[in-house]
Every structure is written in C-alpha cells, then in structure tokens.
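Undergrad: Next up is a structure, given as structure tokens.
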Amino acid sequence: MVEKSKWNKVNIPQEMLDLVDKYLNTDIAKQKGLKSRSDVAILAFRQFLEREGIYAPKPLMKYLNTYEDHVKIWDNRLGRVASIYFKEDKVLCDVCKSDECIHVGFALSIPEVVKALKIT
C-alpha cells in the first residue's frame, strides 16, 4: 500500500506567487504570523473552504471542568490542557505562567466558572 504524503504541491500562476512574496514582506503579514508561501496558501484555502461550508475549524479553547481552586481547559492550538488557578485575589495560568493570557481570559468568560468561583 502506498502511503499518501501529508503535503502536496499546487501550481499557481507566477504573477500570483510574486504578489504573495510581496505581501510576505509587509508588516501586516508579519503581524498575522505569515512567514511563507505555504502559510498564505493554507490560510486562503481554509478561508475559502470555511465560506463554502466544507471546513469547520476546531474552537481555539474547550472548557473541561471546574475544581475547587482551578479550571481546566483544552488548548487546541497547543494540544494540551491549561490549568487556571485561583487563590485569594490572584489568578495564574500554569501554561503561560501569567495572570493575563488567552487561557485566563477564556476561563473567566465561562459562566459556570464565574458562578462556581463566585467571581464578581
């Protein structure tokens, strides 16, 4: 049995590649984290497939559970669990080692978490 490659090539006009290369040198591309032609192509394909209703991206975060002193969430981007600890008036994410990160923000947006931890 022949194993399929995880990557394949797509031919596009040189004019379009030149535009992609020009775009990659802009501050906007850098801000979006786009570093290569592949990054741009994947983003374009993904956006097209989403618009056509064929591709549904995974949510960035998923709420797992609330415990007495912390909340567990799954980070699809990192492929791991993040625990957000609440102690007295302090919050700490065990992944980012921060009290102001995307994990903390997500945890504090979950009504069940706010209610269970009695955060006002």
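The values are calculated or read from the model by the stated rules, or taken from the named source; none is laboratory data. In this text, all values refer to a predicted model and were calculated from it rather than measured experimentally. So basically every Cβ, Gly included, is an ideal-geometry build from the backbone, and we count neighbours across all protein chains shown.
Undergrad: Which count do you get for residues in segment 95-120 that are small (G, A, S), touching a Ser or Thr at 6+ places or on another chain (Cβ under 7 Å) and surrounded by 16 or more Cβ atoms within 10 Å (Cβ to Cβ)?
TA: 0
Undergrad: Follow-up. Report yes if F48 is of a type outside the set (S, T, Y), surrounded by 11 or more Cβ atoms within 10 Å (Cβ to Cβ), part of a helix (DSSP H, G or I) and at pLDDT 90 or above, otherwise no.
TA: Answer is yes for this residue.
Undergrad: Quick one: which of K58, K22, K32, K72 is surrounded by 12 or more Cβ atoms within 10 Å (Cβ to Cβ), farther than 20 Å from A116 by Cα, free of Cβ contacts under 8 Å to residues at least 40 places away in the same chain and out of contact with any Asp or Glu (no Cβ under 8 Å at 6 or more places or on another chain)?
TA: Within the list K58, K22, K32, K72, the selection yields K32.
Undergrad: Further question: Restricting attention to segment 15-39, report how many residues are modelled with pLDDT of 90 or more and under 19 Å from R77 (Cβ atoms).
TA: The number of residues fulfilling the criteria is 4.
Undergrad: Across segment 74-117, what is the number of residues that are closer than 11 Å to M61 by Cα, touching a Leu at 6+ places or on another chain (Cβ under 7 Å) and part of a loop (DSSP other than H, G, I, E, B)?
TA: 2
Undergrad: Same structure, new question: So I54 clears everything in (1) of a type outside the set (S, T, N, Q); (2) outside any loop (DSSP other than H, G, I, E, B); (3) over 17 Å from the mean Cα position of the chain (by Cα) except one condition, right? Which one?
TA: Of the numbered conditions (1) of a type outside the set (S, T, N, Q); (2) outside any loop (DSSP other than H, G, I, E, B); (3) over 17 Å from the mean Cα position of the chain (by Cα), the odd one out for I54 is (2).
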